[in-house]
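Remarks on the structure that follows.
The values are calculated or read from the model by the stated rules, or taken from the named source; none is laboratory data. Bear in mind that the values here come from a model prediction, so they are computed numbers and not experimental data. FYI the Cβ positions are ideal-geometry reconstructions off the backbone, even for glycines, and counts take in every protein chain you see.
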């Protein structure tokens, strides 16, 4: 199996890896001139290429085959979650990427304790790319700037996306049985959503989903419920 690298421009006869991808190819994998690799551009398209030239910091490639990406067949899933502390945030982003989540929104709620700066969110791009390379995924998970809970609800309504809110209690009828529209999954902070936030989400026709018999940590809930929703989305196609 050929090594995989992210490259935003793969449509021509040549391509060049950026600094981070070149470093991985040169100093981690130690690939020589002549090795064949696979490129993906984050939109679903891929290409077969051969390493043509190597310097201390860059790699240039000759592109031999292009494979355009196919349109996404299932509905899109957006996860809006209150970021957990420390490395748990990075681990959550990595796993959501592997699952195939389309967009991630750091969610600001009444009880949120972490509001990541844009510089930290930018660094998570390398986590997304690394997870894509490992999992074989070809579409980037978009990471948005952090948003207030009410803004996420309004945007979901404007874009006609259904809303699922993970919150202890009684699940809404049919909340996980059929997911046929683009969906926003809401995951609260360690203290959970407030009663007012749950009522506000209900006003936007949000459906409540629960995990039986236990309260999940932020990153566990995000991964568990995203996996369940994506499974339902694939079945609905």
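Tell me yes or no: at least one residue of region 115-127 is exposed (fewer than 15 other Cβ atoms within 10 Å of the Cβ) and within 23 Å of residue 163 (Cα to Cα).
Within region 115-127, one or more residues are exposed (fewer than 15 other Cβ atoms within 10 Å of the Cβ) and within 23 Å of residue 163 (Cα to Cα).
Looking only at region 109-125, count every residue that is over 14 Å from residue 92 (Cβ atoms) and in contact with a helix residue (DSSP H, G or I) (Cβ under 6 Å, 6 or more places away or on another chain) and tell me the total.
1
With the structure loaded, tell me whether residue 103 is under 16 Å from the mean Cα position of the chain (by Cα) and under 22 Å from residue 75 (Cβ atoms) or whether it fails that test.
For residue 103, the condition - under 16 Å from the mean Cα position of the chain (by Cα) and under 22 Å from residue 75 (Cβ atoms) - is met.
Exactly one of these conditions fails for residue 12: (1) part of a loop (DSSP other than H, G, I, E, B); (2) in contact with a helix residue (DSSP H, G or I) (Cβ under 8 Å, 6 or more places away or on another chain). Give me its number.
Among (1) part of a loop (DSSP other than H, G, I, E, B); (2) in contact with a helix residue (DSSP H, G or I) (Cβ under 8 Å, 6 or more places away or on another chain), residue 12 violates only (2).
Filter region 15-45 down to the residues that are surrounded by fewer than 18 Cβ atoms within 10 Å (Cβ to Cβ) and assigned to a strand (DSSP E or B) and list them by number.
16, 36, 43
Here is a yes/no grid of residues against (1) at pLDDT 95 or above; (2) buried (at least 16 other Cβ atoms within 10 Å of the Cβ); (3) part of a helix (DSSP H, G or I); (4) not assigned by TED's automatic domain parsing to the domain that holds residue 141:
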{"site": "190", "(1), (2), (3), (4)": "no, no, no, no"}
{"site": "193", "(1), (2), (3), (4)": "yes, yes, no, no"}
{"site": "196", "(1), (2), (3), (4)": "yes, no, yes, no"}
{"site": "208", "(1), (2), (3), (4)": "no, yes, no, no"}
{"site": "216", "(1), (2), (3), (4)": "no, yes, no, no"}
{"site": "219", "(1), (2), (3), (4)": "yes, yes, yes, no"}
{"site": "226", "(1), (2), (3), (4)": "yes, yes, yes, no"}
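Within region 58-98, take every residue that is over 30 Å from residue 218 (Cβ atoms) and in contact with a helix residue (DSSP H, G or I) (Cβ under 6 Å, 6 or more places away or on another chain) and give me the one that is surrounded by the fewest Cβ atoms within 10 Å (Cβ to Cβ).
Taking the candidates together, the pick is 58.
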